[in-house]
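Chemist: Supplied in structure tokens, the structure appears directly below.
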Amino acid sequence: MNYGFVKVAACVPSVKVANCPYNIAEIEKEIILADGKGVEIIAFPELSVTAYTCGDLFAQQLLLDEAERGLIKVLSDTRQLDIIAILGMPIAIDGALLNAAVVIQRGKVLGVVPKTFLPNYKEFYEKRWFTSSRDIRVENVRLCGQTVPLGTDLLFETSDTTFGIELCEDAWAVIPPSSRLALEGAEIIFNLSASDESIGKHNYLCQLIAQQSARCIGGYVLSSCGFGESTTDVVFAGNGLIYENGQLLNRSDRFSFKPQTIISEIDVEKLRTERRVNTTFAACRATLSGNPFRRIATEQVNPRDIVMTRSFDPHPFVPQGPTLDERCEEIFSIQTTGLTQRLVHTQSKSAVVGISGGLDSTLALLVCARTFDRLGWDRKGIVGVTMPGFGTTDRTYRNALSLMESLGVTIREVSIRKACLQHFADIGHDEKIHDVVYENSQARERTQLLMDIANQTWGLVIGTGDLSELALGWATYNGDHMSMYGVNGSVPKTLVRHLVKWVACNGVDEASRATLLDIVDTPISPELIPANPDGQISQVTEDLVGPYELHDFFLYYVMRWGFRPAKVYWLAMQAFKGSYDDETVKKWLKTFCRRFFNQQFKRSCLPDGPKVGSLSISPRGDWRMPSDACSDSWLAEVEAL
């Protein structure tokens, strides 16, 4: 299966100016190699059959005849191949010459797309030789003995996707043809280009293509002229670029003296999901006027299992490289701003936080500290409450006290042991039975204490639960599930760890830094079951519900992109190859699907909290799911894996 992926390629072949036989041989070679690698569609640069820089030679009949003879040769030599190729060449029609893209497959010309916007400034003189598509009235052209569709209103349909074509300057126009193509149904845009190099132009080009692919919610494949075109006063670097909804998937090496073909897989299913969710896309489509586009069916081919060349980040919520610090600062600022508004609006005099010595409560406390600093309030107005219970270990207890002390907040310690024992006696529960009653009563006792202390201090209880816990329902209903404002509600667990570590490395004192780094290294646990004989944590969350890095991966692709379990499983096997075997991934995916459906009732009544990223599980935000939705179909698909 290809799971919605379409393998595409952008080729920068070896070229000799005005030498069609040589150029055709190089093009054929690259087509054959790409077909062998499973490429479904390959694009070549603008006027790649003749070379772009032929100048007044475009007026020579010999060059035009050789270009067509070369196309005939390609059609003949590749007629047994499934691959679709898009070549650039001049097309003579009705006393005009078109700069065109020619789409071929299995010995047939499927269609011809002429260039619309002809640059005629600075080093460009295209209007000297070519006619714009807007000045052509015919809808078909005779080419290589075939009568084929001609126009900018062509969409090409394969069994996997629909694609459209624009040429070079078209992408630089105020309203590029690709915008209309996307609204008419094109999921991938191919651009045959001949953009020469100058200082700073490449970065601008990348920004332009990235933005257009994002604006169109589509894939974008650009193939631009390379080394052999560099003649007279211009130099071409050979730009091959493949984007997916603003994300760069692959790029060629600039200024290479050798031919290059870059390959990647565009997730068309992902693009379709985003277009359906983004109601503005459909609204723009409704504004279209003019005749509908013509749809060209490509040859049906035998499907092949796709071999991926692109990689998948196992931690999609965590930015990689130098952007991590910037992203952490931004998230922290969003959390802080949201809490600031709530405190000011409610005229609260304190912020009450339960401090366990774990990651989530630590992040919530750090957000409170920065909020109070920005408001110019004394940090003593932050009431940190540590509530030791039956499972509290010395390590987390010491870290909780140490952090509160170093941050200069008000420290309160209230043991919940006696209250819970009394509660067990009141309801007739044996304290030796460490079941859900034993665990949840502790969580609810802690929440009651925080709520009452908030009333005492004219404050708000600041929630600590994160996005991952809410997705799994790993929270006690009306216990840690509830607060007056949940600052971590849309921060996934994998990102919480990085945020705490980022704060530790940016702007806290040495004592706080040491404590924060130890908290980062502490196993995640609710600490509701007594410690083991060595005093260590006996209840490790990830042993019970599974690794959070897997669950965050599942959450991202299930909720953000609507992928079915089979695809999520397949992607996880790609992303976590060497880390988890297939049975482990399947086991925890089943757990995720079961819990994600069954625990929706907890998410349907969440407290307010700031949305910080692409996902929020708030019933007032990104996710509105019936509490009684049935998970049978999802679980059945997991079982069938």
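The values are calculated or read from the model by the stated rules, or taken from the named source; none is laboratory data. Small disclaimer: the values here were computed from a predicted structure and weren't measured. Please note: Cβ atoms are built from the backbone with ideal geometry, for glycine as well, and neighbour counts cover all protein chains shown.
Chemist: Evaluate the following for THR393: is it of a type in the set (Ser, Thr, Tyr), out of contact with any strand residue (DSSP E or B) (no Cβ under 9 Å at 6 or more places or on another chain) and crowded, with 22+ Cβ neighbours inside 10 Å?
Modeler: When the stated conditions are applied, THR393 passes them.
Chemist: For the stretch 188-205, name all the residues that are touching a residue at least 40 places away in the same chain (Cβ under 8 Å) and within 24 Å of the chain's Cα centre (by Cα).
Modeler: ILE188, PHE190, ASN191, HIS202
Chemist: Taking the condition hydroxyl-bearing (Ser, Thr, Tyr), in a loop (DSSP other than H, G, I, E, B), in the same structural domain as VAL148 (by TED's automatic domain parsing) and at negative phi, does THR261 pass?
Modeler: Considered against the rule, which asks whether it is hydroxyl-bearing (Ser, Thr, Tyr), in a loop (DSSP other than H, G, I, E, B), in the same structural domain as VAL148 (by TED's automatic domain parsing) and at negative phi, THR261 comes out as no.
Chemist: Let me ask something else about it. Could you grab me the full set of residues in the stretch 304-362 that are more than 28 Å from ILE416 (Cα to Cα), among the polar types (S, T, N, Q), assigned to a loop (DSSP other than H, G, I, E, B) and in contact with a strand residue (DSSP E or B) (Cβ under 7 Å, 6 or more places away or on another chain)?
Modeler: The one that is more than 28 Å from ILE416 (Cα to Cα), among the polar types (S, T, N, Q), assigned to a loop (DSSP other than H, G, I, E, B) and in contact with a strand residue (DSSP E or B) (Cβ under 7 Å, 6 or more places away or on another chain): THR309.
Chemist: Considering only the stretch 34-58, state which residues are farther than 22 Å from PHE236 by Cβ, in contact (Cβ under 8 Å) with a residue 24 or more places away in the chain and of a type outside the set (Asp, Glu).
Modeler: LYS37, GLY38, VAL39, ILE41 - these are the residues of the stretch 34-58 that are farther than 22 Å from PHE236 by Cβ, in contact (Cβ under 8 Å) with a residue 24 or more places away in the chain and of a type outside the set (Asp, Glu).
Chemist: Return yes when LEU544 is within 30 Å of GLU274 (Cα to Cα), in a helix (DSSP H, G or I) and of a type outside the set (Lys, Arg) and no when it is not.
Modeler: No, not satisfied.
Chemist: When you go through (1) assigned to a helix (DSSP H, G or I); (2) surrounded by fewer than 19 Cβ atoms within 10 Å (Cβ to Cβ) one by one for ASP430, which number turns out not to apply?
Modeler: (1)
Chemist: Continuing with this model, one more query. Between residues in the stretch 560-586 that are not in a helix (DSSP H, G or I) and residues that are not aliphatic (A, V, I, L, M), which pairs lie under 7 Å by C-beta distance while being six or more apart or on different chains?
Modeler: TRP561/LYS270; TRP561/THR273; GLY562/THR273; PHE563/TYR557; ARG564/GLU637; PHE576/PRO314
Chemist: Also, quick follow-up: When you go through ASP77, ASP56 one by one, which is the residue that is of a type outside the set (A, V, I, L, M, F, W, C), within 22 Å of ALA194 (Cβ to Cβ) and surrounded by fewer than 18 Cβ atoms within 10 Å (Cβ to Cβ)?
Modeler: None of the other options fit; the residue is ASP56.
Chemist: Of all residues in the stretch 82-100, which are surrounded by fewer than 20 Cβ atoms within 10 Å (Cβ to Cβ) and under 14 Å from ILE31 (Cβ atoms)?
Modeler: Scanning the stretch 82-100 gives a single hit, ASP82.
Chemist: Can you confirm whether SER512 is part of a loop (DSSP other than H, G, I, E, B), crowded, with 17+ Cβ neighbours inside 10 Å and of a type outside the set (Asp, Glu)?
Modeler: no
Chemist: Can I ask one more? Looking at the stretch 1-35, which of the residues that are in contact with a helix residue (DSSP H, G or I) (Cβ under 6 Å, 6 or more places away or on another chain), assigned to a strand (DSSP E or B) and among the aliphatic types (A, V, I, L, M) is surrounded by the most Cβ atoms within 10 Å (Cβ to Cβ)?
Modeler: Ranking the qualifying residues of the stretch 1-35, first place goes to ALA9.
Chemist: Which condition breaks for MET451 when tested against (1) in a loop (DSSP other than H, G, I, E, B); (2) surrounded by fewer than 22 Cβ atoms within 10 Å (Cβ to Cβ)?
Modeler: Of the numbered conditions (1) in a loop (DSSP other than H, G, I, E, B); (2) surrounded by fewer than 22 Cβ atoms within 10 Å (Cβ to Cβ), the odd one out for MET451 is (1).
Chemist: Another question about this same structure. Going residue by residue through the stretch 159-182, is there one that turns out to be more than 28 Å from THR287 (Cβ to Cβ), in the same structural domain as ARG275 (by TED's automatic domain parsing) and over 34 Å from the mean Cα position of the chain (by Cα)?
Modeler: Among the residues of the stretch 159-182, not one is more than 28 Å from THR287 (Cβ to Cβ), in the same structural domain as ARG275 (by TED's automatic domain parsing) and over 34 Å from the mean Cα position of the chain (by Cα), which makes the answer no.
Chemist: Identify, from the list GLY465, GLY479, GLY428, GLY486, the residue that is small (Gly, Ala, Ser) and in contact with a Ser or Thr (Cβ under 6 Å, 6 or more places away or on another chain).
Modeler: On the way: GLY465 fails: in contact with a Ser or Thr (Cβ under 6 Å, 6 or more places away or on another chain); GLY428 fails: in contact with a Ser or Thr (Cβ under 6 Å, 6 or more places away or on another chain); GLY486 fails: in contact with a Ser or Thr (Cβ under 6 Å, 6 or more places away or on another chain).
None of the others qualify; the one that does is GLY479.
Chemist: Report whether or not GLY321 is at pLDDT below 95 and under 30 Å from TYR557 (Cβ atoms).
Modeler: On the way: at pLDDT below 95: yes; under 30 Å from TYR557 (Cβ atoms): yes.
Yes: the conditions hold for GLY321.
Chemist: Among (1) assigned to a helix (DSSP H, G or I); (2) in contact (Cβ under 8 Å) with a residue 60 or more places away in the chain; (3) of a type outside the set (S, T, N, Q), there is one condition LEU208 misses while meeting the rest; what is its number?
Modeler: All conditions are met except number (2).
Chemist: Restricting attention to the stretch 180-194, does a residue exist that is part of a helix (DSSP H, G or I) and aromatic (Phe, Trp, Tyr)?
Modeler: no
Chemist: Tell me which residues, restricted to the stretch 565-595, are surrounded by 17 or more Cβ atoms within 10 Å (Cβ to Cβ) and among the basic types (Lys, Arg).
Modeler: LYS567, LYS586, LYS590, ARG595
Chemist: If a residue has to be crowded, with 23+ Cβ neighbours inside 10 Å and part of a loop (DSSP other than H, G, I, E, B) to count, how many in the stretch 483-505 make the cut?
Modeler: Number satisfying all stated conditions: 7.
Chemist: Let me ask something else. Of the residues VAL109, VAL138, VAL102, which is in contact with a strand residue (DSSP E or B) (Cβ under 9 Å, 6 or more places away or on another chain) and assigned to a loop (DSSP other than H, G, I, E, B)?
Modeler: Every option except VAL138 fails the conditions.
Chemist: Now a separate question. Check ASP509, ASP521 and return the single one that is of a type in the set (Asp, Glu) and touching a residue at least 40 places away in the same chain (Cβ under 8 Å).
Modeler: Testing whether each residue is of a type in the set (Asp, Glu) and touching a residue at least 40 places away in the same chain (Cβ under 8 Å) leaves just ASP509.
Chemist: Got at least one residue in the stretch 587-594 being farther than 24 Å from SER406 by Cα, at pLDDT 95 or above and not in a helix (DSSP H, G or I)?
Modeler: There is no residue in the stretch 587-594 that is farther than 24 Å from SER406 by Cα, at pLDDT 95 or above and not in a helix (DSSP H, G or I).
Chemist: Picking from GLU68, GLU46, which residue would you name as being in contact with a Cys (Cβ under 9 Å, 6 or more places away or on another chain), surrounded by fewer than 22 Cβ atoms within 10 Å (Cβ to Cβ) and under 23 Å from SER133 (Cβ atoms)?
Modeler: None of the others qualify; the one that does is GLU68.
Chemist: It is to be established whether one or more residues within the stretch 459-472 are among the polar types (S, T, N, Q) and surrounded by fewer than 24 Cβ atoms within 10 Å (Cβ to Cβ). Outline the logic, then answer.
Modeler: Taking the stretch 459-472 first, the residues among the polar types (S, T, N, Q) are 464, 468.
Within this subset, residues satisfying the condition of being surrounded by fewer than 24 Cβ atoms within 10 Å (Cβ to Cβ) are none.
Among the residues of the stretch 459-472, not one is among the polar types (S, T, N, Q) and surrounded by fewer than 24 Cβ atoms within 10 Å (Cβ to Cβ), which makes the answer no.
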